[in-house]
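Some notes on the structure that comes next.
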Amino acid sequence: MKKNNQHTILKTDNLTVGYQSKKNKTIVASNINIALNKGELIGLVGGNGIGKSTLLKTLTKVITPLSGHVLINNINLDNYSNLELAKTLSLVLTEPIAAKNLTVFELVALGRQPYTNWVGNLSDKDVTIINKAINQTTIEDLKHKKCFELSDGQLQKVMIARALAQDTDLIILDEPTSHLDMYHKAYILKLLQKLAKDTGKTILFSSHEIDLAIQLCDSMIVMSKQGIVSDSPCNLIEKGAFSNLFPADMIVFDEKTGSFRVKK
Amino acid sequence: MITSKSYTIPFIVLAVLLLLLFMVNISLGSVSIAFNTIIDSFFTNSDNLNNHQYIIQNYRLPKAITAVLVGSGLGISGLLMQTLFRNPLAGPFVLGITSGASLGVALVILGSSIFGGFLATFLLTKWSLVIAASLGSFLVLLLVLIVSSKVRDTMAILIIGLMFGSITAAIVSVLSYFSSAEQLQQYIFWGFGSLGDLDWNEVTIFAIIYCIGILFSILSIKGLNTLLLGENYAKSLGLNIKQSRLLIIIATSLLAGTITAFAGPIAFIGLAIPHVTRQVFNTSNHKILLPAVFLFGAIIMLICDSIAQLPNTDYMLPINAITSLFGAPIVVWLLVRQRKMVF
């Protein structure tokens, strides 16, 4: 990773994440040193409660780090204004959108808000970018449908299109495959892989689909009680990083197939 | 946000309808006045007016303008609150504005006996009610703003507004318990709302504050559209949530506060008009909704006022009763017809 340092989009430096109230400091995870490179698809995996969400919230400036730094394009996250950050980092969250009466086009168009004028008028350039995002996610047929008419899988594609329209170097998705069937899980992750390759954007997602992530990701971040490791999926398997994810008396990782088995 | 559909025709229809109803509203009353007299009276010097022209210039025109300002202002502030709180039940008064105003008015009317004599007669002039209502709503709103700047969750502001409403209602109950029947009647009459009591000076002040409120609402359009995605997405799109929230709250309080001060607590319009507009226009885009709510609010208020003055009789019904009697069935009908609530 050191050799193409100029292509590093996001980097953390001895990051400690957690929650801080007036008296208590709850450390969720510490010593996080990861680097996300341009055009890569990165999967963030780990068991429930290990701190995936806390890490993502810290990376997206929702909560502040307890110690250490997050650097995006070599600039400390603290130095970004809300608007600058909106032009660098876009999000796909797990929460449902508030107004489902928007059409798909209107929803994707909201991705252009950081660039539009005070009343939100779209320029020709904005419309071109919106249509490109709609093409890249193959949702042209849905363009004029209302969001409440869509299935979960379709809606997820629309939300990804909205993030694309925001035209950022980095897209972060929080569990984009939850609520989806097997086919759509694979479909969405393959779409993300293709988008990272075609657009050169860095895409980070958290997921419980470890088998799929191993097959599709350029790089993975594995969070377990032993710590946080980040590498290509093959190297991670060689290092045995996945064997520590779950209690070994219940679930074992099969290194040959790259999948998990329940112990009988 | 671009919307694929064109809304030009509905807007033209509504604007023409508004103009027509404005004229009808002026022509109706205890005496009917012909249309050409109305047009004439607009261009006649105020020194040499005949009776009808005098009625129009000094009574019916200010009333019709008040109806337009009240209907559109309440509709728009209702829309702002429903989007901000993402709650279809929110209206212009969820922030405790009416309760503050009614507390101010209650203190003046019901508490006037405490001050007694000369002060009591001064306190019961019309301006004192306007000032009391403004002060009351302003103070309650200030409290809500101070408390809400300390909370992160927008929903908490909704609850805080409701709580302040309960507190003021309780104080009003205590006051009315110790009041005479005459004072109570006067307070209840204020509660009916009234569009017709304003002279030109009052209408001018009303209109100036109204325009500032509308300006703030227009400035909030982009923020409102971004908030449609929910606060977390809005923040990720670079929206300064606290600042937009403040802008929306100030716009609402200017509009709803002055309306309550000058016309009393007009019920229902603020809650219903945004729903009617959404059902008819079937969009969530505030660039369309804001002008549409303006037109619908003004139109429905003019209709309600025309009904309330019972044409060709000397009687006038309380405007508050008409807005609900006439408005509630419309909303029910729209919801049943569309089978689905658009929100």
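The values are calculated or read from the model by the stated rules, or taken from the named source; none is laboratory data. Keep in mind that this is a model prediction, so the values were computed, not measured. Ideal geometry is used to build each Cβ from the backbone, glycine not excepted, and the neighbour counts take in all protein chains shown.
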- [ ] Search the stretch A:158-175 for residues being out of contact with any Pro (no Cβ under 9 Å at 6 or more places or on another chain) and closer than 27 Å to A:GLY49 by Cα, and hand back the single one that is surrounded by the most Cβ atoms within 10 Å (Cβ to Cβ).
- [x] A:ALA163
Open item on the list: For the stretch A:244-260, which positions are in contact with a Ser or Thr (Cβ under 7 Å, 6 or more places away or on another chain) and outside any strand (DSSP E or B)?
Closed with: A:ASN244, A:LEU245
Task: Residue ranges of strands (runs of 3 or more DSSP E) in the stretch A:40-97 with at least 3 members away from chain B (no Cβ under 12 Å) - done: A:41-46, A:67-72
TODO: Test each condition in (1) hydroxyl-bearing (Ser, Thr, Tyr); (2) at pLDDT below 90; (3) closer than 19 Å to A:ILE97 by Cβ for B:SER194 and report the one that comes out false.
DONE: (3)
Open item on the list: Of everything in the stretch B:222-245, what is free of Cβ contacts under 8 Å to residues at least 60 places away in the same chain, farther than 18 Å from A:GLN166 by Cα and touching a Leu at 6+ places or on another chain (Cβ under 9 Å)? Give them in sequence order.
Closed with: B:ILE241, B:SER244
Task: Complete set of residues in the stretch B:114-130 that are in contact with a helix residue (DSSP H, G or I) (Cβ under 8 Å, 6 or more places away or on another chain) and either loosely packed, with under 13 Cβ neighbours inside 10 Å or at pLDDT below 65 (or both) - done: B:PHE115, B:LEU119, B:ALA120, B:PHE122, B:LEU123, B:LEU124
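In the stretch B:246-260, how many are more than 14 Å from chain A (Cβ to nearest Cβ) and surrounded by fewer than 21 Cβ atoms within 10 Å (Cβ to Cβ)?
Quick first cut of the stretch B:246-260, residues more than 14 Å from chain A (Cβ to nearest Cβ) only: B:246, B:248-260.
Restricting the remaining residues to those that are surrounded by fewer than 21 Cβ atoms within 10 Å (Cβ to Cβ) gives B:246, B:250.
Going through the stretch B:246-260 one residue at a time, the tally reaches 2.
Identify the residue in the stretch A:111-121 that is closer than 13 Å to A:ASP167 by Cβ and assigned to a loop (DSSP other than H, G, I, E, B) and, among all such residues, is farthest from the other protein chains (Cβ to nearest Cβ). So that I can check it myself, show each step before the final result.
The initial filter retains those residues of the stretch A:111-121 that are closer than 13 Å to A:ASP167 by Cβ, namely A:111-116.
When the remaining residues are screened for being assigned to a loop (DSSP other than H, G, I, E, B), the result is A:113-116.
Values: A:GLN113: 5, A:PRO114: 4, A:TYR115: 9, A:THR116: 7 Å.
Result: A:TYR115.
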Task: So B:SER77, is it assigned to a helix (DSSP H, G or I) and either at pLDDT 90 or above or more than 30 Å from B:ALA156 (Cα to Cα) (or both) - done: yes
- [ ] Look through the stretch A:82-115, keep the residues that are hydroxyl-bearing (Ser, Thr, Tyr) and modelled with pLDDT of 95 or more, and return whichever of them is surrounded by the most Cβ atoms within 10 Å (Cβ to Cβ).
- [x] A:SER90
- [ ] Check A:SER178 against each of (1) more than 18 Å from B:ALA234 (Cβ to Cβ); (2) within 13 Å of chain B (Cβ to nearest Cβ); (3) in contact (Cβ under 8 Å) with a residue 40 or more places away in the chain; (4) loosely packed, with under 15 Cβ neighbours inside 10 Å and name the one condition it does not meet.
- [x] (2)
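Based on this model, can you work out whether A:LEU173 counts as under 25 Å from A:VAL70 (Cβ atoms) and modelled with pLDDT of 95 or more? Walk me through it before giving the result.
Values: under 25 Å from A:VAL70 (Cβ atoms): yes; modelled with pLDDT of 95 or more: yes.
Taking the combined requirement at face value, the residue satisfies it.
Quick one: is B:ILE322 away from chain A (no Cβ under 14 Å), in a helix (DSSP H, G or I) and surrounded by fewer than 24 Cβ atoms within 10 Å (Cβ to Cβ)?
Working: away from chain A (no Cβ under 14 Å): yes; in a helix (DSSP H, G or I): yes; surrounded by fewer than 24 Cβ atoms within 10 Å (Cβ to Cβ): yes.
It is true that B:ILE322 is away from chain A (no Cβ under 14 Å), in a helix (DSSP H, G or I) and surrounded by fewer than 24 Cβ atoms within 10 Å (Cβ to Cβ).
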Task: Total residues in the stretch A:196-213, condition closer than 17 Å to A:ALA161 by Cβ and surrounded by 21 or more Cβ atoms within 10 Å (Cβ to Cβ) - done: 4
Open item on the list: Out of everything in the stretch A:127-143 that is farther than 17 Å from A:TYR187 by Cβ and surrounded by fewer than 20 Cβ atoms within 10 Å (Cβ to Cβ), what residue ends up being nearest to the chain's Cα centre (by Cα)?
Closed with: A:LYS132
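Which ranges mark the helices (runs of 4 or more DSSP H) fully within the stretch B:7-71 that have 2 or more residues being of a type in the set (Ser, Thr, Tyr)? Spell out the reasoning first.
On the way: elements: B:8-27, B:35-42, B:51-55.
The helices (runs of 4 or more DSSP H) meeting that bar are B:8-27, B:35-42.
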- [ ] Considering each residue of the stretch A:216-232, count those that are touching a residue at least 40 places away in the same chain (Cβ under 8 Å) and buried (at least 16 other Cβ atoms within 10 Å of the Cβ), and give that number.
- [x] 11
Task: Check on A:ILE63, among the aliphatic types (A, V, I, L, M), touching a residue at least 40 places away in the same chain (Cβ under 8 Å) and closer than 28 Å to B:LEU239 by Cα - done: yes
TODO: Just give me the residues in the stretch B:2-30 being on the phi < 0 side of the Ramachandran plot and at pLDDT below 80, in sequence order.
DONE: B:ILE2, B:THR3, B:SER4, B:LYS5, B:SER6, B:SER30
TODO: Being hydrophobic (A, V, I, L, M, F, W, C) and either within 14 Å of chain B (Cβ to nearest Cβ) or at positive phi (or both) is the filter here, so list the residues in the stretch A:136-156 that pass it.
DONE: A:LEU142, A:CYS147, A:PHE148, A:LEU155
- [ ] Select from the stretch B:183-236 the residues that are among the small types (Gly, Ala, Ser) and more than 14 Å from every other protein chain (Cβ to nearest Cβ) and write down the one among them that is surrounded by the fewest Cβ atoms within 10 Å (Cβ to Cβ).
- [x] B:ALA207
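If you check B:LEU310 against the conditions, is it crowded, with 24+ Cβ neighbours inside 10 Å, free of Cβ contacts under 8 Å to residues at least 12 places away in the same chain and not in a helix (DSSP H, G or I)? Give the steps one after another, and end with the answer.
Working: crowded, with 24+ Cβ neighbours inside 10 Å: no; free of Cβ contacts under 8 Å to residues at least 12 places away in the same chain: yes; not in a helix (DSSP H, G or I): yes.
Answer is no for this residue.
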Task: Neighbours by Cβ (under 6 Å, 6+ apart or cross-chain): first from the stretch A:239-263, on the phi > 0 side of the Ramachandran plot; second surrounded by 14 or more Cβ atoms within 10 Å (Cβ to Cβ) and not small (Gly, Ala, Ser) - done: A:GLY258/A:ILE214
